[in-house]
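The structure appears right after this line, and notes come after that.
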Amino acid sequence: MLVLVVSAIFSKAVAAGGPAAGLGPYLVASLVWGIGLSLGGTTGYAINPARDLGPRIAHALLPVAGKGGSDWRYAAIPVAGPLLGGALAGLFARLAQF
């Protein structure tokens, strides 16, 4: 959603000159904030793959008594999901000629 909406914000098909000077970064920041407000509680702001991978690596390496597994079977999903979704959204935006 992030890549798709950002490509629409800066699209020359929407406005010939793009957004007004200084408005683009504000709109992108508002979009990230809105995604975080709507999905941040359930996904922990899962826009950045490092948000999951860094703590998972630290959990695996740190010697904490009584800790469970790091669940490495799931570790590829938060890394590959945003990258694949961003690439597909960019491809869709290119094909839709935003």
Inset, instruction - Please state, to two decimals, what the Cα-based radius of gyration of the chain comes to when divided by 2.2 N^0.38 Å (N = residues). - result: 1.41
Legend entry - Pairs of Cα atoms farther than 14 Å apart, region 58-98, %: 63
Inset, instruction - Express the relative contact order of the chain as a whole percentage, based on alpha carbon pairs under 8 Å and six or more residues apart in sequence. - result: 42
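Readers should treat all values here as calculations from the given coordinates under stated rules, not as data from a laboratory. Small disclaimer: the values here were computed from a predicted structure and weren't measured.
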